[in-house]
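To start, the structure itself, in structure tokens.
A short reminder: the numbers here are calculations on the coordinates, not readings from a lab. Note that the structure is predicted; figures quoted are calculated from it, not measured. Note: ideal-geometry Cβ built from the backbone for every residue, glycine included; neighbour counts use all protein chains shown.
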């Protein structure tokens, strides 16, 4: 107990010390992805078809936690702005995904011995079907904040792709029928498996860092056939890859132990790597201003990297690093001209200038709890939303100053990140699925 309090005190002191970012090299002031700039130098490879209207994967259509449209309520409670509430069977921390009138979630029973995919009707929350994965291995190393159903599915509107770690990779159709199953072999991961699959064009890409046999691999979405597999040296990590377009090529980027890596999505060949992350890494990178922003877990730094390099680019493509406010579990969000992140070890939100790494503000979100935030923040309607494990959502006005508008308390434990579609929130707690709207 004394050791934990000492670590927390050190973290708070470090966060408040005002240490400036370390500018490693000059960098391009390329504007962020926006409607006014349809072809920036670096952009996230996002769903630009029908899926752009929904929330088809981890962190939404852009993969960055940004809601499209407007009209999302910024205030709710167990009785305010609740359109419907439905129980979710089993236990799981995966986030909801949305396509059409369907919401998909994964869940686990019996300590992970039974794993299933759930489909709910978006209009009223009715459970339409539940399909179990075939029996198989159990993720024996799952942490209490991880569990056995933490990986968020992805969908292309035809199939739903689900990764159950040592149980394998699955594709289901919209009626719940199993289309294919790919066994990826046994997995022995510290704290269990947790990353989500990336749907990239005609393939699913995922990576698993573990004690032995770490890899990144791509699979055909139609058949499940393995297209390539590249061995990795990292042995700890729970992240989700992203895909970016850099000039004339695409890169799959993995934020991981000690290094950030980029791979060719066609072949799996490593394109570049950049050092500077720490031992345990979870947050998913975000993209803008010609840079990829990678936060490193356990009070590690945040790195701003120019993609598009070759080999070890630590000395040539690392634009800046900042020790201030980096999260352990939640991913950052880049909204407007600011990078926002919450340090879940101290419940402190930090906003940085993405072009320079300069800290714009810091502020405390409620009572400091050890690893008190798991859900990743989202942004909509000029506000940024941070949800802690106790179900409290802190609503900040987007801007250069810390301005907490109010706190919404759902009064249920919440580790999953929300989905936002058509002016509605879809929030998974430890027991229920909520639709929040006007």
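Tabulated data for the structure shown
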read-out: Kirkwood-Stokes translational diffusion coefficient of region 2-436, alpha-carbon pairs, 20 °C, 1.002 mPa s, µm²/s; value: 100
read-out: C-alpha center-to-center spacing [region 387-438, region 305-378] in angstrom; value: 20
read-out: Proxy reagent accessibility, fewest Cβ within 10 Å first, across 303, 404, 365, 184; value: 404, 184, 365, 303
read-out: Computed [θ] at 222 nm, deg cm²/dmol, the chain (DSSP H ≥ 4; -39,500 (n - 2.57); rounded to nearest 500); value: -1000 deg cm²/dmol
read-out: Principal axis box of region 153-231, alpha-carbon based, largest edge first, Å; value: 36, 22, 16
read-out: Most fluctuating residue given options 78, 241, 153, as computed from a GNM of the chain linking Cα atoms under 10 Å; value: 78
read-out: Normalised contact order of the chain, rounded percent, pairs of Cα under 8 Å and 6 or more residues apart; value: 17
read-out: Estimated FRET transfer efficiency (residue 397, residue 50; beta-carbon r; R0 35 Å; 0.05); value: 0.60
read-out: FRET efficiency, 1/(1 + (r/R0)^6) with R0 51 Å, evaluated for residue 316 and residue 127 via beta carbons; value: 0.45
read-out: Rounded to 5, percent antiparallel among DSSP beta bridges of the chain; value: 95
read-out: For the chain, built as a Gaussian network whose Cα springs stay under 10 Å, the top-fluctuating residue of 56, 96, 323; value: 323
read-out: Global size of region 331-435 as Cα Rg and Dmax, reported in angstrom; value: 13.2, 42
read-out: Fewest-first ranking of 341, 410, 44, using other Cβ atoms within 10 Å as the exposure measure; value: 410, 44, 341
read-out: Shape box of region 210-258 [Cα atoms, principal axes, largest first, Å]; value: 33, 29, 15
read-out: Sorted by Cβ neighbour density within 10 Å, fewest at the top, the residues 351, 337; value: 337, 351
